[in-house]
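J.: Shown below is the structure under consideration.
Values in this text are rule-based calculations from the coordinates and carry no lab data. Just so it is clear, the model here is predicted, and its values are computed rather than measured. Don't worry about glycine lacking a Cβ; one is built from the backbone with ideal geometry, like all the others, and counts go over all protein chains shown.
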Amino acid sequence: MKTKVAKILLGQVLLLSSVGLLSAQDTSGTQAPADNTKVNQRDRNQTEPTADQQKENSSDRELAKQIRRALVKDKSLSTNAHNVKVIAQNGTVTLKGPVNSEQEKQAIESKAAEIAGANKVNSEIQVAPKQ
């Protein structure tokens with residue numbers, strides 16, 4: 001009896017999860033698929049700083065940490081802006097990632113310059129197109 005009930009429950013869970021997956025798919029065709037090809041090619045370039053290249057010295061880690069805290073603390077910024085990559089190498093900071101507006105881009109660059117110094121920030125932040 002218990003086995004039969006367990007099988008029924010398992011069947012219902014599987015059915016509900018497959019229905020959920022099907023309904024989560026966007027089949028309307030209104031949204032263009034993400035294409036990060038150009039960004040991915042740029043980041044494969046050996047001269048492009050990426051997060052895994054950040055040094056483990058305490059000054060670079062502290063610099064990135066301070067900038068990251070300033071970004072997360074600013075509740076007016078979007079989730080995209082909070083998730084901008086902050087890469088510190090030898091006291092120079094590179095910022096990468098999409099944000100929702102030019103204002104967010106400027107706010108992030110300003111916060112980084114305040115902490116690292118105006119001539120120590122390279123911005124590769126991109127304003128995402130409106131959807």
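J.: As an exercise, use a Förster radius of 30 Å and the Cβ-Cβ distance of GLN126 and SER58 to find the FRET efficiency, rounded to the nearest 0.05. It would help to have the intermediate numbers written out before the result.
T.: Values: r = 30 Å, r/R0 = 1.02.
Calculated value: 0.50.
J.: Does segment 51-131 come out rounded, prolate or oblate, given a ≥ b ≥ c as the square roots of the eigenvalues of its C-alpha gyration tensor, rounded meaning a/c under 1.5 and, failing that, prolate meaning a/b above b/c?
T.: prolate
J.: Report the calculated FRET efficiency for VAL72 and THR3 (r = Cβ-Cβ distance, R0 = 35 Å), to the nearest 0.05.
T.: Taking R0 as 35 Å, the efficiency between VAL72 and THR3 is 0.10.
J.: Based on the mean of other Cβ atoms within 10 Å per residue, sort peptides 99-107, 67-75 so the most packed one is first.
T.: Result, highest mean first: 99-107, 67-75.
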